[in-house]
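The values are calculated or read from the model by the stated rules, or taken from the named source; none is laboratory data. The structure presented is a predicted model; accordingly, all values stated were derived computationally and were not measured. Neighbour counts run over all protein chains shown; Cβ positions are idealised from the backbone, glycine included.
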Amino acid sequence: MLCHSVKVLYNTNIIFNEIMFMTTPAAAYEIGKASQLTGISTDKLRIWERRYAAVTPIRSGTGRRLYANADISRLKIIKTLIDGGDSISNVATLSLEELQSRVAEETQISQSDIPDGPIKIVTIGRSLSAKFSSDKDNNDDIELAASYNHPNSLGNETDIPKVDILIFENSALQEENVQQILDLMYRFNASHALVVYRFASQETLNRLPKSKCSILQAPVDINSIKDHCRSLFNKKNALMSLYDNDFEGDFSIAPARRYDDEALVKIAEISPLVKCECPQHLAELLFALNSFEKYSSECESLNLEDAELHAYLNNAAARARHIIENAMEKVIEAENIQI
């Protein structure tokens, strides 16, 4: 796994070198390229512009949409928020500062998300509910709060338990199930959802917010599901223990990113004009650390040891990134670089 992490950092350097040869910050990208850079489909880009005014790309002489670097950065942040559970209608018209602030708020790890006692779960789905109801292996660390054969089984029930994890089973996961899962999470006050499916399109799976939902493809046994639930909260506990024990300083959680990709590209392109090449090297380091920080936060954990290691790596990358950002700030001030 560590070798793979090194490979990620190496690949990030390659990506950075490719970025270095892009056109100037005022460059404009046609919609196909904008889709590749942001991970947003061309159809969705058109809808976000036409219906929600998320960005307003300029038009070429032939009427083609041209996206500036600022548009690309904005779209990436919006996609991050939507992947985390926000709706496009809520974030489309926010300013860049508001978007960045919202990302910072939503990526903070909350101590309140970590259960004091056993992990409370609720199951939705006939097969899964039957398995958990007949489970004889009682675990002190996992508590089945409720089980339902179908989402409609809840009806207008008001006495609904608060749980830590919603386990949702659907053999043929459809696009409409995504919002259904998010609504159920809200109803049960669940901080995470574990979705068990047999068949689903990649597009449907991609719509599930990665920060709030995990997926397991059936067939899967009940012990694997329990281990996955433990892994989710062991990772959070590992992070909190790192903040308490491993680091010293005035803050326990590294702040959100200070420089987005657009700013880093601009700094790197300016640096050949000044005597010192430190800005370029620092920008390269930040590209690598940003990529690895994101990668380590999304890397799947199969057991407690994996969860603890990924939590440690993610925190270490965030702290290293913050230190390099401080260094970048001093260099920018010393060289009087305008960004």
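Only residues that are assigned to a helix (DSSP H, G or I), modelled with pLDDT of 90 or more and surrounded by fewer than 19 Cβ atoms within 10 Å (Cβ to Cβ): list them for region 148-177, please. Those that are assigned to a helix (DSSP H, G or I), modelled with pLDDT of 90 or more and surrounded by fewer than 19 Cβ atoms within 10 Å (Cβ to Cβ): none in region 148-177. From the list ASP250, ASP227, ASP244, the lone residue that is of a type in the set (Asp, Glu), in a helix (DSSP H, G or I) and modelled with pLDDT under 75 is ASP244. Of the residues that sit in region 185-213 and are in contact (Cβ under 8 Å) with a residue 40 or more places away in the chain and surrounded by 17 or more Cβ atoms within 10 Å (Cβ to Cβ), which one is farthest from the chain's Cα centre (by Cα)? Among residues in region 185-213 that are in contact (Cβ under 8 Å) with a residue 40 or more places away in the chain and surrounded by 17 or more Cβ atoms within 10 Å (Cβ to Cβ), the one farthest from the chain's Cα centre (by Cα) is PHE188. Residues in region 133-147 that are touching a residue at least 60 places away in the same chain (Cβ under 8 Å), surrounded by 10 or more Cβ atoms within 10 Å (Cβ to Cβ) and not in a strand (DSSP E or B): ASP135, ASN139, ASP141.
For GLU293, state whether it is within 24 Å of LEU232 (Cα to Cα), at pLDDT 75 or above and not assigned by TED's automatic domain parsing to the domain that holds ILE215.
When the stated conditions are applied, GLU293 passes them.
Please tell me if LEU128 is part of a helix (DSSP H, G or I), touching a Cys at 6+ places or on another chain (Cβ under 9 Å) and of a type outside the set (Val, Ile, Thr).
Against the criterion (part of a helix (DSSP H, G or I), touching a Cys at 6+ places or on another chain (Cβ under 9 Å) and of a type outside the set (Val, Ile, Thr)), LEU128 does not qualify.
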